[in-house]
Structures are given as structure tokens and as C-alpha cells.
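Just so you know, all these numbers are worked out from the coordinates, no wet-lab data involved. What you are looking at is a predicted structure, and each value in this text was computed from that prediction instead of being measured. Glycine gets a Cβ as well: all are built from the backbone with ideal geometry, and neighbour counts include every protein chain shown.
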Amino acid sequence: MQKKGDKYLIGSNSKSFTALLILMLQDQGKLHIHDSVSKYLEWFEYRDQNISGKITIEDLLRHTSGINTEMGRTFKTDTSFNYNLYYAKILKNLDLKNTPEQPYSYSNANYRLLGLIIEKVTNKRYEECLASYITNPMQLHQTSANVNVDLINSYQYFLHYPILKFNSNLHPQEAPSSLISSSVNDMATYLRHIMNAYNKHPNTLLNQDTAQQLVTRKENSTSKYGLGWFVNNDSSVFYHGGTNKSFESHMYIIPSLKKGVIVLINSNQAPDLEIINGIYGILLGKGYYNNSSFAYYRYLPFVVLFLLILFLFQSWTWKKTNYPRELSKKVMPNILLVIGLTLAISILIYIPKLHRVSIKTSLQFDPASGYSILIISLFLILTSILLYLNSTGKKKTS
């Protein structure tokens, strides 16, 4: 049973804390968001150093650094893994067009790099900076960047049910982008501070300029991203969502209503967006939010079951025809074999790419779907081969 004070990973909502930390350090003169990233991370180089030399802290904050989504979809459990060395290596392979501004591309890597900058200018661990600048002053006693805190039990989905209990080691250098933990009460207090500062209400520890900067979109940009927050077109709602391997969260600030809403769920791929949009609709007098996304990947285990049955039937047929192994000269069996093998490889590559992740990340974040993809591809290959061989066997026994 969930209790007051239970700690949840807040996923990418962590980015709002990191952006706030950057602006606080700017107020202290330790950095400026218009500074180049290479001023603080000397190894920050793209293939074209003329481009990487122009990338600023603000570009990281706004996801306009040119770093792509895939580069941020690396998640490590080995705490000895060094993200400094990792990014120093892979960024050198980043080949970008030399344009005045790189296009928006949401990436966890941007905020992991911001975490490294925070540690560089303060000479403290990110976890300590978060506590010193934000959580202690705001009395957010259940909020931390310590990845070893006790969290509420969390679950991953199998079919339509979150029943797979999840436990995993977490990497501290991922905290600035996605691994801060918090409670419902703490997040409500945090949202209140930002909202009050934005509304120029005195009951806050934040200054108004900081709050305004957080939720201001770049002029003449089509991106809805501010600094650690998404901002809708008329600036009536500030929001962000977060997904971890077994947690889901979403937060809204509606300044005109003087309301902040936080939804924390101890399962990933959960309907947090539908819940918070339902609350938002009620607050605006629009009634319930009835839309729901069709999660096709929930049904992948059923496809596995179907292919297993088909594979077993073809195996039985192959045995019954005395295990034929001849090559077929007929056109159709060869075409079907090529189609089956192509489909298997396409599924293995395309479905993860559809969500801009690797198959390894699929296995980490949604194991039921990830392993289903692997097994589906395997069964398609084996069944296609058996169908081909059985076509030769039938010819032989006729």
C-alpha cells in the first residue's frame, strides 16, 4: 500500500531541477548560460570543432546542442562506467551541419552534460549541489539525487498488467537527466515555489527572474522547450513528463489558476498523461479526458504465443516428413523464405527504432515487449525455414 512520503523516481522531471540549479549558479556568478560548453568540459568536441565550440550551456538546456535522442538513450547499471570518457569519445563522431542554430532534439545526454558542468564549477557532487541549493532550503526532505535511496516497490508491464517487479542498480551520473527521487508532497511544494515566483507571489524562495527564465521559450523558435520545462503556445501551462524503467510521472503548472498538479506512478508505460490531462480538464471545467493511446506493444506476447504454436506445428510436420533438407527449385517457397527472414530482421530493427531506442534499452524499460521482439524474430526465422523445408518434404513424399 502506498503511503505519504513514499519515494518515486521522477524520470525526466529531474531536468527541471537541473535547469533550476544552473540558473542559481548563474545568479552566483559561477557560470553563464551563454558560456560555451567547452569552457567547462574541455573534452567537449564534435567532429567539426568549429561547431562544438559554438554550443552553449543554453543549447544544452533547450536541447538545441545537436546531440541526438539516441545518444541519451544509454542507461548503465555499472557505477564504474565513466560518462565523461564515454561522451568525450562518441561526441567526436557527431557530424552536424554548420548552421546558426542546431535544431531541437530532446536528449538525456544534454542534461547529463549539465550535471557534469555543475560538478565542475562547484567542485561538489551533483547530489550535494541539489541538496545545498534546492532540497534543503525548500525543505524537500524526501527529494534526492542519491540513487541508492529506498524507493516504493515498482513494476513493469506484462500485457495490460504491471506485475513484473523491478529492481536495478542506477548510475549517479544519470541523476541530472532522470534519476532524482521525490514524493508527492515534496513535488507539490516544489511546484508551488516555481508557480509563486512566476506569479510574483511572495511565498517562495525563488526569485521572479529565475522562474520566468525557466518557462520562457526561445524567441522565433518552433520548439516548445524552455529551460527544463515544456511551455504551451500561449504560456498558460508549463509541463514535463518522466519515464524510468519502472516509474512514470507528469507535472503541470497552470499559473492562471494558481494550481500545480503532480502525478507519480510506480510503474512505467502507465497512463500518467491521461490522468493529469483528466485533472487539467476538470480544473478548466471541460470534464474528463477521454483519449487514450493504443499501446500495440502490449499485445506482442500474444504474437509470440501464435508463432510458438505455428512453429510447433511446422516442427511436427518436419518430423512427420522425415526431416527433409533439400533445396527447393520452386519460386514460391523461396519467395516466402525471403519474406519471412526479411520480416524477422525488420521487426528486430524497426520496432525499437520506432521508439528511438536500442533493443537493449527496450529490454531494460519494457522487458515483456523487448523479449517478445527477440522471440518473435527468432520464431519467424525458424518457422520460415521449416515452412521452406516442409515444402520440399511434401514434394518428396507425393
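For TYR296 and ASP209, the difference between the fully extended length at 0.36 nm per residue and the C-alpha to C-alpha distance is 26.9 nm. Around the amide H of HIS171, modelled in the peptide plane, lie the amide H atoms of LYS76, all under 5 Å away and 5 or more residues distant in sequence or on another chain.
Each residue in ARG112, ARG217 was given a count of other beta-carbon atoms within 10 angstrom of its own, and listing them fewest first yields ARG217, ARG112. Close amide H pairs (under 5 Å, H built 1.01 Å from N) link PHE158 with ILE163, LEU164, residues at least 5 positions away or on another chain. When the chain is described by a simple charge dipole with +1 on each Lys and Arg Cβ and -1 on each Asp and Glu Cβ, the residue from LEU214, HIS63, ASN390 located farthest towards its positive end is ASN390.
Summing Cβ point charges (Lys, Arg +1; Asp, Glu -1) relative to the Cα centre of the chain gives a dipole of roughly 1560 debye. FRET efficiency for the ASP35 to ASP150 pair, using the beta carbon distance and R₀ = 35 Å, is estimated at 0.40. In this structure, the amide hydrogen of VAL215, modeled 1.01 Å from its nitrogen in the peptide plane, lies closer than 5 angstrom to those of LEU227, counting only residues at least 5 positions away or on a different chain. Evaluated at q = 0.15, 0.22 Å⁻¹, a Debye calculation over the C-alpha positions of segment 296-397 (equal weights, vacuum) places log10 I(q)/I(0) at -0.65, -1.05. Each residue of segment 237-245 is assigned a 3J(HN,Hα), and the resulting list reads 9, 10, 8, 6, x, x, 10, 10, 4 Hz, derived from the Karplus form 6.51 cos²θ - 1.76 cosθ + 1.60 (θ = phi - 60°), x at Gly and Pro. On the basis of the beta-carbon distance and an R0 of 56 Å, ILE309 and THR222 show a calculated FRET efficiency of 0.70.
Per-peptide packing, taken as the mean over residues of other Cβ atoms within 10 Å, places 26-35, 175-184, 261-270 in the sequence 175-184, 261-270, 26-35 from highest down. In order along segment 190-199, the Karplus-derived 3J(HN,Hα) couplings, from 6.51 cos²θ - 1.76 cosθ + 1.60 at θ = phi - 60°, round to 4, 4, 5, 4, 5, 5, 5, 5, 5, 7 Hz, and Gly and Pro are given as x.
Label sites at ILE282 and SER358, each approximated as a point 7 angstrom past Cα along Cα to Cβ, lie 4.2 nm apart. The 3J(HN,Hα) values that the Karplus relation (6.51, -1.76, 1.60; θ = phi - 60°) gives for segment 134-142 are, in residue order, 10, 5, 5, x, 8, 6, 8, 6, 9 Hz. Gly and Pro appear as x. Using only side-chain charges placed at the Cβ, +1 for Lys and Arg and -1 for Asp and Glu, the dipole size of segment 296-397 relative to its Cα centre rounds to 380 debye. With all pairs of different C-alpha atoms in the average, the Kirkwood value for the hydrodynamic radius of the chain is 23.5 Å.
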